[in-house]
Amino acid sequence: MENEIALMKVLDIPDELKDVANIYKNCINLNGIKLLKSPSLKYGLYYLHLFEAFTKRRERLKTEIEKLKEKLKNYKGDKIDINKEMIRLDDISSKLETLGKEARELYDFDITYLGKVAKKYDTIKDDTIKSIYVNSSEEVVISRIKYYINYEKYFLIYSDIIKQLSSFL
């Protein structure tokens with residue numbers, strides 16, 4: 001990324017999210033990508049890595065929820081209300097599914113946008129167009145990191161719920 005200052009502002013977050021921020025920071029700090037001469041390829045790869053990292057984190061939570069639901073079905077104790085907890089887990093699963101679809105739509109939209117701007121740069125080969133492409137690409141990447149980190153706050157809450165329920169099983 002060319003604009004390290006803007007990126008650092010985005011990653012200046014509460015301690016609870018520092019590990020998560022590092023995951024996203026590593027998606028755009030890949031040495032091999034930085035050396036690419038083509039801005040369109042470089043920003044496309046940054047964006048792909050960010051999307052994949054977010055998707056993996058969301059999928060991990062979904063898997064944990066499914067495992068927990070299986071354990072709840074076999075729970076014989078009386079410390080928790082199984083039906084209430086199943087409804088709560090179903091609600092979280094539903095939110096994660098909706099979030100996945102939304103993230104995919106945003107990814108597709110942004111990649112299309114980046115592709116159109118990159119095509120203009122590739123055909124015109126003008127420094128002004130390159131500057132526009134790099135700046136707009138960085139804005140897209142930074143806004144997407146903000147988006148992902150915002151939802152990571154919910155992921156922390158969901159993880160806490162999973163840990164709490166797991167302690168009873």
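The values are calculated or read from the model by the stated rules, or taken from the named source; none is laboratory data. Since we're looking at a predicted model, the values are computed, not measured. Note: ideal-geometry Cβ built from the backbone for every residue, glycine included; neighbour counts use all protein chains shown.
A residue that is exposed (fewer than 12 other Cβ atoms within 10 Å of the Cβ), of a type in the set (Lys, Arg) and on the phi > 0 side of the Ramachandran plot occurs somewhere in region 124-131.
Taking the condition in a helix (DSSP H, G or I), at pLDDT 85 or above and either within 22 Å of Ile145 (Cα to Cα) or not β-branched (Val, Ile, Thr) (or both), does Lys101 pass? Spelling it out, Lys101 is indeed in a helix (DSSP H, G or I), at pLDDT 85 or above and either within 22 Å of Ile145 (Cα to Cα) or not β-branched (Val, Ile, Thr) (or both).
Matching residues to (1) modelled with pLDDT under 85; (2) under 19 Å from Leu17 (Cβ atoms):
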residue	(1), (2)
Gly77	yes, no
Asp81	no, no
Lys125	yes, no
Lys130	yes, no
Phe155	no, yes
Asp160	no, yes
Lys163	no, yes
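Pairing each residue of region 88-116 that is within 30 Å of Ser166 (Cα to Cα) with any residue that is of a type in the set (S, T, N, Q) and in a helix (DSSP H, G or I), provided the two are 6+ apart or on different chains, yields C-beta distances under 8 Å for Gly100/Thr55; Ala103/Thr55. For beta carbons closer than 7 Å, sequence separation of 6+ or different chains, a first residue in region 158-169 that is more than 16 Å from Lys62 (Cα to Cα) and touching a residue at least 40 places away in the same chain (Cβ under 8 Å) and a second that is among the small types (Gly, Ala, Ser) and surrounded by fewer than 16 Cβ atoms within 10 Å (Cβ to Cβ), the qualifying pairs are Phe168/Gly77.
For first residues located in region 66-79 and closer than 15 Å to Gln164 by Cβ, partners that are assigned to a loop (DSSP other than H, G, I, E, B) and lie 6+ apart or on another chain with Cβ distances below 8 Å form the pairs Leu68/Leu169; Lys71/Leu169; Leu72/Leu169; Tyr75/Leu169.
Cβ separations smaller than 7 Å between residues 6+ apart or across chains give the following pairs from region 9-29 residues that are assigned to a helix (DSSP H, G or I) to residues that are modelled with pLDDT under 85: Ala21/Leu11; Ala21/Ile13; Lys25/Leu11.
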